[in-house]
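Only the coordinates and a few stated rules stand behind these numbers; no lab work does. Only a predicted model underlies this, so the values are computations on that prediction, with no experimental measurement involved. Cβ placement follows ideal geometry from the backbone for every residue including glycine, while neighbour counts extend to all protein chains displayed.
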Amino acid sequence: DSGVTQTPKHLITATGQRVTLRCSPRSGDLSVYWYQQSLDQGLQFLIQYYNGEERAKGNILERFSAQQFPDLHSELNLSSLELGDSALYFCASSVGVTGNTIYFGEGSWLTVV
Amino acid sequence: AQRVTQPEKLLSVFKGAPVELKCNYSYSGSPELFWYVQYSRQRLQLLLRHISRESIKGFTADLNKGETSFHLKKPFAQEEDSAMYYCALGMGYSTLTFGKGTMLLVSP
């Protein structure tokens with residue numbers, strides 16, 4: 001167990017809807033990352049937060065947003081969902097902002113129907 | 001731009017055979033290279049980090065800056081090694097760029 005917890009584990013929703021994925025980092029980790037894993041795109045970095053501030057942005061759509069709260073947990077909000085958003089969404093955490101090993105959660109399976 | 005290339009989508013070997021999973025990277029700075037393993041759509045687990053230069057589960061990887069490679073090797077594959085393997089590049093800050101992954105299938 002890496003210590004990174006994600007909820008929900010599975011989610012099925014309809015197109016056009018909005019969902020929120022939640023992540024609690026390992027104890028003591030200040031950085032949180034979101035990754036999307038799909039069959040066609042592989043693992044794509046979405047966004048990183050460090051101690052509540054956005055640190056780096058990857059291939060995150062404008063329909064998606066994220067935040068990190070004072071207690072360091074993070075939420076990824078996905079809106080106006082499309083079929084192509086169906087994927088496994090991983091959260092990961094690390095101690096610092098640079099040069100640290102990243103530990104992944106078990107992921108949240110999102111299916112858009 | 002930074003890029004990680006894993007040229008093989010699938011590598012199929014027999015138990016006991018040597019394994020080499022290829023990884024090439026493109027980055028102008030000083031890279032940090034990692035190998036992550038994913039069993040049956042579970043979480044990604046760190047397998048190796050080039051800085052630590054250790055061997056995990058019999059796997060080793062050497063960073064070759066001249067060839068910009070970080071190939072993963074194991075002399076004798078086991079069935080339990082069957083999994084998806086991802087090479088990842090860290091670029092000064094912790095955000096990782098992953099390759100597309102290589103599925104390793106070890107047959108009895």
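Below, the figures for the structure above:
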quantity: Straight-distance crosslink candidates among lysines, where the alpha carbon sits under 27 Å from B:K22 and sequence neighbours closer than 8 are dropped; calculated: B:K9, B:K57, B:K65, B:K73, B:K74, B:K100
quantity: Dipole in debye (nearest 20) - the range B:15-96, about Cα centre, beta carbon charges: Lys, Arg +1; Asp, Glu -1; calculated: 100
quantity: Dipole of chain B [Lys/Arg +1, Asp/Glu -1 at C-beta], most positive-end residue of B:P7, B:A61, B:A77; calculated: B:P7
quantity: For the range A:11-113: Kirkwood Rh in Å [reciprocal of mean 1/r, alpha carbons]; calculated: 13.6
quantity: Loop trypsin sites (Lys or Arg not before Pro), the range A:11-113, which have at most 13 other Cβ atoms in a 10 Å radius of their Cβ (DSSP); calculated: A:R18, A:R63
quantity: Where GluC sites (Glu not before Pro) in DSSP loops with at most 13 other Cβ within 10 Å are excluded, longest remaining stretch of chain B; calculated: B:1-53
quantity: Most positive-pole-ward Cα, A:Q36, A:V97, A:S86, against dipole of the range A:31-97 from beta carbon charges; calculated: A:V97
quantity: Residue-span extension gain [A:R22 to A:S80] - 0.36 nm each, minus C-alpha spacing; calculated: 19.1 nm
quantity: Cβ-placed point charges (K, R +1; D, E -1), dipole of the protein assembly as shown about Cα centre in debye, nearest 20; calculated: 240
quantity: Over 20 Å [Cα-Cα, the range B:21-108], rounded percent; calculated: 30
quantity: Residue range of chain A that is longest and free of GluC sites (Glu not before Pro) which are both DSSP loop and sparsely packed (at most 13 other C-beta within 10 Å); calculated: A:1-61
quantity: For the range A:6-22, 3J(HN,Hα) per residue [Karplus equation, 6.51 cos²θ - 1.76 cosθ + 1.60, θ = phi - 60°, Hz, x = Gly/Pro]; calculated: 10, 9, x, 6, 9, 8, 10, 9, 9, 4, x, 7, 10, 9, 10, 9, 10
quantity: Binned Cα-Cα distances of the protein assembly as shown, short to long, each 10 Å bin given as a whole percent; calculated: 8, 34, 35, 19, 4, 0
quantity: Sequence-separation-based contact order of chain B, relative, with Cα cut under 8 Å and 6+ spacing, percent; calculated: 39
